[in-house]
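Beneath this line is the structure, given in structure tokens, with notes to follow.
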Amino acid sequence: MNRVIVWGTGHDYQTIYNLLKFEELKGNIEIIAIADSNRRQREIDNYLVISPQEISRYNYDFIIISSSRYFAEIVRQAETLGINRDSLIPGYVFKIPCFDFKAYASLKRNPVSTISDDCWGGNVYHYLGLRFDSPFVNCYIHNDDFVKMIEDLFYYIDQPLKME
């Protein structure tokens with residue numbers, strides 16, 4: 001079971017609340033607290049509300065940032081608090097059809113490298129809020145060259161990079 005802190009209690013939290021509860025019921029997550037900068041309550045939906053500065057006191061696996069609007073601002077604040085960026089998850093991923101947090105957490109812990117002839121791989125990483133772990137991000141490879149490369153991938157990956 002993944003221990004998570006949910007950061008944010010605004011509108012986006014309300015829209016993913018049932019999705020979070022579903023993952024909790026499946027045994028994929030345990031919500032241990034909710035962090036909020038404008039803490040007015042000590043408890044929301046039977047979860048303890050803490051300030052972001054208190055996060056370091058808790059043992060968690062991931063932090064789910066529920067706010068889309070303030071996502072970048074919250075990431076910056078998390079980094080200033082010494083929180084590892086790899087532990088941050090955008091809340092919108094819970095809205096992906098057939099989303100399964102257990103599988104998603106596995107991808108976060110064991111990143112995959114996408115090999116694609118165009119921006120498709122980068123788009124997937126971006127949409128899932130994953131670190132871009134591919135030598136082919138923002139690259140376009142002509143179809144014939146891509147097939148040639150895939151046929152002997154390790155040979156081409158081991159070649160020195162040349163800009164022509």
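The values are calculated or read from the model by the stated rules, or taken from the named source; none is laboratory data. Fair warning: this is a prediction, and the values are worked out from it, not measured in the lab. All accessible areas refer to the heavy atoms of the entire protein, side chains included, with ligands and DNA or RNA removed. Shrake-Rupley method; radii C 1.70, N 1.55, O 1.52, S 1.80 Å.
Numbers at a glance
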{"read-out": "Quarter of Cα convex hull surface for region 79-164, i.e. mean projection, nm²", "value": "8.1"}
{"read-out": "Rg over Rh [alpha-carbon atoms, Kirkwood Rh] for region 116-164", "value": "1.00"}
{"read-out": "Cα principal axis extents for the chain, largest first, Å", "value": "59, 33, 26"}
{"read-out": "Degrees between helix 11-25 axis and first principal axis of the chain (Cα, 0 to 90, nearest 10)", "value": "80"}
{"read-out": "Where only alpha carbons of region 6-45 are counted, the Rg and the Dmax (Å)", "value": "10.5, 30"}
{"read-out": "Accessible area per residue, Å², the chain with all protein chains present, probe 1.4 Å", "value": "64"}
{"read-out": "Count, lysine Cα pairs under 27 Å in region 12-164, 8 or more residues apart or across chains", "value": "8"}
{"read-out": "Cα-Cα separations in region 41-127 greater than 16 Å, expressed as whole percent", "value": "64"}
{"read-out": "Gained length - M1 relative to Y58, 0.36 nm times residue gap less alpha-carbon distance", "value": "19.0 nm"}
{"read-out": "Percent carbon-and-sulfur accessible area, region 1-156, ignoring ligands, DNA and RNA, probe 1.4 Å", "value": "50"}
